[in-house]
1. Please give, to one decimal in nm, the separation of the simple spin-label points placed at Ala44 and Ala130, each 7 Å out from Cα toward the Cβ.
2. To make sure I understand the rule: partners must be aspartates and glutamates, Cα under 12 Å from the Cα of Lys293, and not fewer than 8 residues away in the same chain. Which ones qualify?
3. Express the relative contact order of the stretch 66-182 as a whole percentage, based on alpha carbon pairs under 8 Å and six or more residues apart in sequence.
4. For the peptides 105-114, 159-168, what is the packing order when you average, over each peptide's residues, the other Cβ atoms within 10 Å and list the highest mean first?
5. Quick one: among Arg255, Arg302, Arg49, which has the greatest mean-square fluctuation in a GNM of the chain with alpha-carbon springs under 10 angstrom?
6. Would you calculate, for the chain, the mean residue ellipticity at 222 nm contributed by helices, counting each DSSP H stretch of 4 or more residues as -39,500 (n - 2.57) and dividing by all residues, to the nearest 500?
7. Tell me which aspartates and glutamates have Cα within less than 13 Å of Lys91's Cα, excluding those fewer than 8 residues away on the same chain?
8. Could you rank the peptides 198-205, 314-321 by their average count of other C-beta atoms within 10 Å per residue, with the highest value first?
Amino acid sequence: MTSDQPSPDHVLRLINGYWATGVVGAAAGHALFTHLENGAETAAELAERARIAPRGAQTLLDGLVSVGLVELREGRYHNTPEASLYLVDGKATCLSGFARLKLKHMGGLAALPDVVRAGGPVRDATTEVAENPHWEEIVPAIAAQSVPAARIAAEVLGLADAGAVSILDVGGGSGIYSAIWLAANPRARATQLDWEPINAIARRLLAERGLADRFTTVPGDFHTTDFGVDRYDIALYSHIAHQEAPEDNIAVLSRLREALRPGGSVVICDYVVDDDRGGPALPLIFAAEMLLKSKRGGTWRRSDYHDWLVKAGFTTVSFHSAPPATLVIAR
Ligand SMILES: C[S@@+](CC[C@H](N)C(=O)[O-])C[C@H]1O[C@@H](n2cnc3c(N)ncnc32)[C@H](O)[C@@H]1O
């Protein structure tokens, strides 16, 4: 290798990317970030608190320093600000459940070469299966990712001062949007439409937060369950559009337009890519997840969302950054 050649370091890190998934998932599984936050700062202290082998603790710490989630200062280990915010158990923004889940999903990627050849799932598609138990693991694990987006959307909508509004959350999952929005506006009411086992998870969250009396659930498939007419002020469609084909998104958005009162808003949250498909990075690579797990889903462009919303009867469309997702709000 000559000195003007690029180093293979980046390519080797990508080829071995599963090491990062493994180290972060295992560290989250043993609450290492939480123990670090609570003052355990050496491999021996962490091994004792997490009840893991000292050799295992040292290996995880080396890996976490390598991926930039833990810093070593004067022989003692500390969470980076990112790890402290996103990987310490009990914080509203904590993604450690998601890290544990992704470690379990890793084996499924071995099918990607076949999936790419076939142009879709080679085993059962996940998103099309009614009441798929897959969602029961996913929705609590992804709830924290919606916290910042739900707060940003509440601000854009002026929700706190919107009075006695009525909200419909299609495929609401954990119920995290309803929990945040009902807490922000004590006169708002929310209805979630999802599969019944998932609605049960959401009802538990809303009850834990003392909001159950303003939250109702409807069980069923959102493709066929009636949304009603002129019934809601806000309709939410968060992290659903990517599992659907364009014509199915237009059909659901058209029915949501009818379900909204005049002047009502639809809020879409999703991984939206630029029109030239040049970025952003995380939404672009998320397309692989949809190729593996859905028959016709994908990561759609801003122009796709705009076109669908106009076809569905909305006249004003705006885009708002909620990294790594985008909020699309239409009236
Ligand atoms: C990726 S999760 C999104 C959850 C939530 N909206 C959020 O942003 O955190 C997808 C949700 O849609 C629900 N879902 C998927 N297909 C559905 C269908 N055909 N009918 C009803 N719910 C569905 C799943 O049960 C799951 O709760």
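Since every read-out is calculated from the coordinates, none of them should be taken as a lab result. What you see is a predicted model; the values in this text were computed from it and never measured. All Cβ positions, even for glycine, are placed from backbone atoms using ideal geometry, and neighbour counts span all protein chains on display.
1. Placing both labels 7 Å along Cα→Cβ, they lie 6.0 nm apart.
2. Candidates past the 8-residue exclusion: Asp124, Glu128, Glu244.
3. Values: 75 pairs, mean separation 24.2, N = 117.
Relative contact order here is 21 percent.
4. Listed from highest to lowest mean packing, they are 159-168, 105-114.
5. Of Arg255, Arg302, Arg49, the Gaussian network model singles out Arg49 as fluctuating most.
6. Rounded to the nearest 500, it is -14000 deg cm²/dmol.
7. Answer for Lys91, where 13 Å is the Cα cut-off: Glu37, Glu82, listed by chain and number.
8. 198-205, 314-321
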